[in-house]
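Please read the structure below before turning to the comments.
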């Protein structure tokens, strides 16, 4: 990923008068990829919950309202998105634009399959409520990250350390479950991924200067930008769901 970003910065800038219109088009492209990825994830969740496809990945109780186990394909769907994120991050420089697109779409679909158990664990009304809260929070912070004159570069290291801390805390929680620990993890997670939304938006905006003169590089940068924002949204949604969702 770092090598890709260094390469991005090695490409020349465009003339100032063209930046505004070009930047808007570039950011719209990033958001369109992200929204399409979320829609594909949602479609995959619905397919698992409402069609026979779900039986390939999970076993259900007689009522069909709860997941009681996972098949090998289910475990693959659960862990595969993490591997695909690393694959895109480290290999996108050498991938073609079309290959990067396909990988992103496959990632979004598999992510939906892996997230299906979460939607079974919470009521539909609370999932919808938290989704709208997440959308409003994400939209506000992304807009702020895009428009603010404040340099958010210093946030990067702090927020990445926060993500690592959350991962470690969740591993500990897996073995020593505690209601208080769950609450603390969720609150910290909301703070971290809210901050990352603004930080990533600003970094994506700044990357336009370095990719605008190379169409394929700009396309791949837009996919990586969409991936970052997609992950910010999904993780923010999951953390808010842990805080505000009503379990079945």
TODO: Relative to the longest principal axis of the C-alpha atoms of the chain, give the angle of the C-alpha long axis of helix 97-121, reported between 0 and 90° and rounded to the nearest 10°.
DONE: 30 degrees
Task: Using alpha-carbon coordinates, inclination of helix 72-91 to the longest axis of the chain, degrees - done: 10 degrees
Open item on the list: Mean-square fluctuation check for the chain, GNM, Cα pairs under 10 Å: which of 142, 178, 99 is largest?
Closed with: 178
Task: Computed [θ] at 222 nm, deg cm²/dmol, the chain (DSSP H ≥ 4; -39,500 (n - 2.57); rounded to nearest 500) - done: -28000 deg cm²/dmol
- [ ] Per residue, how big is the convex hull around the C-alpha atoms of the stretch 2-244? Give it to me in cubic angstrom, could you?
- [x] 134 Å³
Open item on the list: Given contacts defined as C-alpha pairs under 8 Å and at least six residues apart, what's the relative contact order of the chain, whole-number percent?
Closed with: 32 percent
TODO: Among 63, 157, 213, determine the one that fluctuates most according to a GNM of the chain built with springs between C-alpha atoms less than 10 Å apart.
DONE: 63
TODO: On a 0 to 90° scale, report how tilted helix 124-147 is relative to the longest principal axis of the chain, with both axes built from alpha carbons and the result rounded to the nearest 10.
DONE: 20 degrees
TODO: Using only the alpha carbons, work out the radius of gyration and Dmax of the stretch 104-240 in angstrom.
DONE: 16.4, 52
TODO: Note down the nm distance, to one decimal, between modelled labels 7 Å out along Cα→Cβ at residue 73 and at residue 39.
DONE: 2.5 nm
Task: Pairwise FRET efficiency - residue 181 versus residue 99, Cβ, R0 = 35 Å, nearest 0.05 - done: 0.30
Open item on the list: Please compute the alpha carbon radius of gyration of the stretch 55-165, then divide it by the globular-protein estimate 2.2 N^0.38 Å. Two decimals is fine.
Closed with: 1.38
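Every number in this text was worked out from the coordinates using simple rules, so none of it is lab data. Since we're looking at a predicted model, the values are computed, not measured. Here Cβ is always computed from backbone atoms with ideal geometry, including for glycine, and neighbour counts include all displayed protein chains.
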